[in-house]
Amino acid sequence: MNKGQAKLKGASFAHSTIYAALLASWAADWSTGRTIFGWGHGLGWFVMCGLALTALRRGLIPLYVAVCVAVIGAVGPFVGSIAFIHAERVKKRGIVQGSWQ
């Protein structure tokens, strides 16, 4: 994993953490937390979309990871974080990129 991939993976995990805090704020009925973490999740999603598209154009991540981060990440950023873990494991095993085997 190069520096660009590591930074994007870290940003994805940070976004997932913010989303988890948003869910916890919602469950606890904490309106200030919902506001803070809601804005964090919303702005974080826009940033993650831009980063994912840039990384895809540079060939740093496969298309399915970019889709998981940018599209599915709006409602569940955990999927993007899991996609990074999956992509790392695929690369370590030497499986052809884009294969779901």
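The lone criterion from (1) farther than 16 Å from residue 5 by Cβ; (2) aliphatic (A, V, I, L, M); (3) within 12 Å of the chain's Cα centre (by Cα) left unmet by residue 52 is number (1). Scanning the stretch 14-34 for residues that are of a type outside the set (S, T, N, Q) and closer than 15 Å to residue 46 by Cα returns 14, 15, 18, 19.
Of the set (1) open to solvent by 40 Å² or more (accessible area, probe 1.4 Å); (2) within 10 Å of the chain's Cα centre (by Cα), all apply to residue 16 but (1). If you filter the stretch 51-84 down to residues that are among the β-branched types (Val, Ile, Thr) and in contact with a Cys (Cβ under 8 Å, 6 or more places away or on another chain), you find that the one that is least open to solvent (accessible area, probe 1.4 Å) is 69.
Looking across the stretch 43-81, the residues that are in contact (Cβ under 8 Å) with a residue 24 or more places away in the chain, part of a helix (DSSP H, G or I) and not small (Gly, Ala, Ser) come down to 45, 47, 48, 49, 51, 63, 64, 69, 78. Residue 29 falls short on exactly one of the conditions (1) out of contact with any Cys (no Cβ under 9 Å at 6 or more places or on another chain); (2) assigned to a helix (DSSP H, G or I); (3) free of Cβ contacts under 8 Å to residues at least 40 places away in the same chain, and that condition is (2).
The values are calculated or read from the model by the stated rules, or taken from the named source; none is laboratory data. As the structure is a computational prediction, the values presented were derived from the model and not from experiment. Ideal geometry is used to build each Cβ from the backbone, glycine not excepted, and the neighbour counts take in all protein chains shown. Accessible surface is based on the protein model in full, side chains and every heavy atom, while ligands, DNA and RNA are left aside. Shrake-Rupley method; radii C 1.70, N 1.55, O 1.52, S 1.80 Å.
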